[in-house]
DNA sequence: TGACAATGAGTGTTGTAACACTTAATATCG
DNA sequence: CGATATTAAGTGTTACAACACTCATTGTCA
């Protein structure tokens, strides 16, 4: 027998009907994201890094030896943050990343992941993977693909 | 002809394959949420309130004259925040809400929306509705329902 | 070639989020 | 009835987010 699913209205003890289906969808996206991000934040806490910092580490691991400049890092973050400079400052202080100012263009500062930073993301890979499976593993392949497809469609806008 | 949709990988200039479908789905949820929340934040800026504060105002509007205590407000927020007290403090200073300590149980403080707060949420209704339609209106009814259904299923977990 | 725009990084400041901890009032039970 | 737990709200502190602004270096073209 199918388990009765707890709707968002029940979750937030909301008893009024949604004003529109679009609103219901938007709130469901926000709520689901909040739940997933909370789980991620909990997993990162023992390592004393935030989700954004974890995101940066993964971006810089992907960038390899070439590294990336501040603006490129900022552009690849899932959530845009103003003040990438001090985000990187803090990570540099923690010795998770290193920065080198360019020689040909002295405005340019390339940012690299350090061995310490790399060790942390590598160490976290399995754990984060397990969290994703724990939270989304009960959806089958077709459902996950459909979810990705609907969200992609949503983000690509009406134009 | 169908417009080619921009995938998350293209959006974030990521060229590596996802490690799992679950991860791809989780990141798509997070990214979509970030985009929607950014749009909402922009709309709220002229009124000098944050998304969380807007969320509180809607909760308290829904609660009506009875109001809600601090913990109830916190429980109904889309994203959990520690320190609801000072969130409400700030809103009280802005005269958006009012608090009354209970007489029979003097621990209990009920929180109400003020006329000023009510005026702001009411004023915002149409605008927020338009934002939702702008961002999700190009999905048809079946797609939105499926999105809600998949997200609800995701949040309800494997157990 | 020299003024001026464009680009990349960084700073100052304020408010808010996150964490652990405390105080006050009521309920419970030996 | 008094010790103890429970429930509700609040406080102290640190670090981070958000906003507008500045500084330095390079590109461009009249």
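Are any of the residues in segment A:27-35 touching a residue at least 24 places away in the same chain (Cβ under 8 Å) and either touching a helix residue (DSSP H, G or I) at 6+ places or on another chain (Cβ under 9 Å) or surrounded by 14 or more Cβ atoms within 10 Å (Cβ to Cβ) (or both)? Yes; the residues of segment A:27-35 include at least one that is touching a residue at least 24 places away in the same chain (Cβ under 8 Å) and either touching a helix residue (DSSP H, G or I) at 6+ places or on another chain (Cβ under 9 Å) or surrounded by 14 or more Cβ atoms within 10 Å (Cβ to Cβ) (or both). Applying the criterion of being more than 7 Å from chain B (Cβ to nearest Cβ) and loosely packed, with under 12 Cβ neighbours inside 10 Å to the residues of segment A:11-22, the residue that is modelled with the highest pLDDT is A:17.
Considering each residue of segment B:102-119, count those that are near DNA strand C (Cβ under 9 Å from one of its atoms) and more than 29 Å from residue A:38 (Cα to Cα), and give that number. Quick ask: steps written out before the conclusion?
Initially, segment B:102-119 is screened for residues near DNA strand C (Cβ under 9 Å from one of its atoms), giving B:102-108.
Retained after the next criterion (residues that are more than 29 Å from residue A:38 (Cα to Cα)): B:102-107.
So the count comes out to 6.
Please determine, by comparing only the residues of segment A:67-81 that are in contact with a strand residue (DSSP E or B) (Cβ under 7 Å, 6 or more places away or on another chain) and within 11 Å of chain B (Cβ to nearest Cβ), which one is farthest from residue A:54 (Cα to Cα). That would be A:68. Name every residue in segment A:122-134 that is within 14 Å of chain B (Cβ to nearest Cβ) and surrounded by fewer than 18 Cβ atoms within 10 Å (Cβ to Cβ), in order of residue number. Correct list: A:122, A:125, A:126, A:127, A:129, A:130, A:133, A:134. Taking each residue of segment A:50-66 that is without any contact (Cβ under 8 Å) to a residue 40 or more places away in the chain and looking for partners that are surrounded by fewer than 16 Cβ atoms within 10 Å (Cβ to Cβ) and outside any helix (DSSP H, G or I) with beta-carbon atoms closer than 8 Å, six or more apart or interchain, yields A:52/A:81; A:62/B:15; A:62/B:16.
What residue, among those in segment B:101-121 that are touching a residue at least 40 places away in the same chain (Cβ under 8 Å) and not in a strand (DSSP E or B), is surrounded by the fewest Cβ atoms within 10 Å (Cβ to Cβ)? The residue in question is B:118.
Looking only at segment B:135-149, residues that are touching a helix residue (DSSP H, G or I) at 6+ places or on another chain (Cβ under 8 Å) and loosely packed, with under 14 Cβ neighbours inside 10 Å come to 1 in all. Among the residues that make up segment B:134-147, is at least one of them out of contact with any strand residue (DSSP E or B) (no Cβ under 8 Å at 6 or more places or on another chain) and within 16 Å of DNA strand C (Cβ to nearest atom)? No, segment B:134-147 has no match at all. Elements of the type helices (runs of 4 or more DSSP H) sitting completely within segment B:1-84 and holding at least 3 residues that are under 20 Å from residue A:147 (Cβ atoms): these cover B:8-11, B:21-44. Considering the conditions (1) away from chain A (no Cβ under 13 Å); (2) more than 10 Å from DNA strand C (Cβ to nearest atom), residue B:27 is excluded by exactly one of them, (1). Scanning segment A:44-80 for residues being near DNA strand D (Cβ under 10 Å from one of its atoms) and over 14 Å from residue B:12 (Cβ atoms) gives a total of 5.
Scanning segment B:77-93 for residues that are more than 8 Å from DNA strand C (Cβ to nearest atom) and without any contact (Cβ under 8 Å) to a residue 12 or more places away in the chain yields B:89, B:92, B:93.
Can residue B:98 be described as more than 16 Å from DNA strand C (Cβ to nearest atom), farther than 30 Å from residue A:81 by Cα and free of Cβ contacts under 8 Å to residues at least 24 places away in the same chain? Yes; evaluated as a whole, the condition is true for this residue. All of (1) within 12 Å of DNA strand C (Cβ to nearest atom); (2) buried (at least 19 other Cβ atoms within 10 Å of the Cβ) hold for residue B:60 with one exception: (1).
The values are calculated or read from the model by the stated rules, or taken from the named source; none is laboratory data. Treat the numbers as computed from the prediction; the structure is a model and nothing was measured. Note: ideal-geometry Cβ built from the backbone for every residue, glycine included; neighbour counts use all protein chains shown.
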